Structures are given as structure tokens and as C-alpha cells.
Amino acid sequence: MSKWTEIAAKCLRDEAGALLDLIPFLDDDFDRTVEIILNCKGKLIVTGVGKSGHIGAKIAATLSSTGTPSFFINPLDVFHGDLGVIQRKDVVLAISNSGQTDELLRFLPYLMENKIPVIAMSGNPNSLLAQYATAHLNASVRYEACPLGLAPTSSTTAALALGDALACALIEARNFKASDFAQFHPGGSLGKRLLTKARDVMRTEDLPVIPPTMKLGEAVIHMSNGRLGLCVAEEGGIVRGIITDGDIRRAMETSQDSFFKLTVADIMSCQPKMVSPDTKITEIESILHQNKIHSVLVTDKERHLLGIVDSFSTML
């Protein structure tokens, strides 16, 4: 290991250790913080200066995307006309490693006078910010990972991770689900995957539908033309079964000379995997994976074939 990678490895070990050191600090104040935010009728306003401000902006973004209405505001802006955004029904999360940041302390009297709960996140439980806060999240670290011991490294990582821990607790407390997350990310790939349903991607034209009475020799031609590696056996407009290219190969190996005498009904699976048009793509992916198959049939309640979704269709 080179000199530079050794320094990098030490930094990662130091920051990882700083995160583990936070676990004993998770006390009643953490529980109180969760309750305060859950009972908040307004917004969670996150604030901080400098590096703490950058961390606060990320925490606010994470909370907003997981069901807690939040936004970040620079405390310097508060004193230049933005104080009005803070309402009595709101909660303020103030982040400062020292807990003595003047810009934060200056508007504490306003918050206290208006009985706005203040959650402090700092590395100093004896600081003024911690003392006057409604709840204090202890993010103290023994030392910074910086070789000089000066640049915020372990401390900012600790604050960021503590914010994530708070978000995780609130996700559980709100029973926030993946589908809810997608609602907050409709334009992203994750949101698209969680919101997309079978009806949105299913193939509906030129479906390889054949009767159960068809001879396997002819079924092979239909399967090749269908380009899905399967044929759906349908009778009277009702799905009766399915055959795949694997079924065909196994039939050729076992039946040999009698292969061309067999019909689709002789080898088809009578219980194909079927889903409704409203089944989400994520659920279909799970069905494909668990059953080691490549396609599912999309049908209505009467087993009328509406379309087919294969594994390629789920790759959004």
C-alpha cells in the first residue's frame, strides 16, 4: 500500500470509528426528536453555517424525500428578511459542531419567544445551543480525520450520518413505503420503476397465441415468429396453458420419434404465472426471479390474455 492509500485508509477508518462512537449517544433526546417532528404541523426548517450548512441542506433533502416536509435556510438570510418563513407550527433543526455559532444563537430568542421547538445537532452537549434546545442530538467526535486535525471531516460525516439515522427512524415511524418514495421522485429512474405497471410495458400486438390441439412441429414455427420464447395456449378466448422453448427442447429429447405426434396440450403448463394489468413492475421482477422464468402473462379476472411482459420489458 502506497503512502497516499495509507492516508486514505486511515481517514476511512477514523470516520467509520466516529460513526460507531455515535451509537451510545442515541438517548431519550433522539426519541424526543422523533416525536417532535412527527407531531409537527408545519415544516422542519434545517439551518447551519458553512460545512454544517452543506450537511443541513443534504439532511433537509433526505427528509423531504422520505415524508417529512423540510427545507434548508441559511441563518445569515434569516436576519435579512427571511425570518418570516418560520411559523409557530414549525420545528427548527439547528446544526453546529461547536454549538456556539453566533449566527444560530442570535435568533434563538425569537424561536423561544414564539415557542418554536428547536432541535440542536452539535458536537458539544454543554454548548449554549444544546442547553437552550428542546432536544439535543449529540454528534461529537474524538478527533477529525484530517491529518492536521483541523478540517471538518469526522465531524461532518457524523452529522450527516446522524441525519440519515433520524430519517430512517422517521421512515419507520410514518410507515413510509417504497411507493410513497416514488411519489416524491416521479422523474427519477427509481420513481419510474416503482410507479410503472404491467399495462405500461406489456406487449399487446402479434402475441404468440395457439390452440392446445396444435401439433408441436407447428407450434415451434409460431414460437420462433413470436420472438418471446413461448406460446400461449388459448381456447375459447381463455388462457389454458403455456409452452416455452425449454418445454419444446425437453419434449424433443424425451419423445424423439413421437415428438411430431404430440400436441401443445401434452406438454403445456396449465398454471402459467399471470398478473393483472395494474401489477407493478417491481412485483413482476420478483415473480420472474423467484420462479426463474422470463415472462408473465397479463390477463383479466376471466383469464383473457391482454398482453405479455418479459424480463426485457422490466429494464427501465
Discussion item. For the pairs Lys3/Lys51; Lys177/Lys292; Lys215/Lys292; Lys215/Lys273; Lys89/Lys280; Lys51/Lys115, flag any whose C-alpha to C-alpha distance is greater than 31 Å.
Written reply: Lys89/Lys280
Worksheet item: Can you give the extra length, in nm with one decimal, that the chain gains between Thr204 and Leu26 once fully stretched, where that is 0.36 nm per residue apart less the Cα-Cα distance?
Response: 58.6 nm
Practice prompt. Check the straight Cα-Cα distances from Lys43 and name the aspartates and glutamates below 16 Å, setting aside those fewer than 8 residues away within the same chain.
Written response: Glu35, Asp82, Asp90
Worksheet item: In square nanometres, what is one fourth of the surface area of the convex hull spanned by the alpha carbons of the chain?
Response: 24.6 nm²
Worksheet, complete the sentence: In degrees, nearest 10, the alpha-carbon axis of helix 154-173 is tilted away from the dominant principal axis of the alpha carbons of the chain by 60 degrees
Discussion item. Once each part is reduced to its C-alpha centroid, what is the distance from the stretch 1-72 to the stretch 93-164 in angstrom?
Written reply: 11 Å
Practice prompt. Express in nm, to one decimal, how much length is gained between Ser255 and Ala61 on full extension, taking 0.36 nm for each residue of separation and deducting their alpha carbon distance.
Written response: 63.6 nm
Practice prompt. For helix 3-20, report the angle its Cα long axis makes with the longest principal axis of the Cα atoms of the chain; keep it between 0 and 90° and round to the nearest 10°.
Written response: 80 degrees
Fill in: Helix-only [θ]222 nm of the chain, DSSP H runs n ≥ 4, -39500 (n - 2.57) each, per residue, nearest 500
-12500 deg cm²/dmol
Practice prompt. First measure r as the distance between the Cβ atoms of Lys89 and Asp164, then evaluate 1/(1 + (r/R0)^6) with R0 = 25 Å and state the FRET efficiency to the nearest 0.05.
Written response: 0.45
Response to the item:
Here the longest stretch of the chain that holds no GluC sites (Glu not before Pro) in a DSSP loop having at most 13 other beta carbon atoms within 10 Å is 1-204
Worksheet item: What angle, in degrees between 0 and 90 and rounded to the nearest 10, separates the Cα long axis of helix 28-38 from the longest principal axis of the Cα atoms of the chain?
Response: 60 degrees
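Each reported figure results from applying straightforward, stated rules to the coordinates on display, with no laboratory input. These numbers were taken from a predicted model, which means no experiment stands behind them. Positions of Cβ are generated from backbone atoms using ideal geometry, with glycine treated the same way; all protein chains shown enter the neighbour counts.
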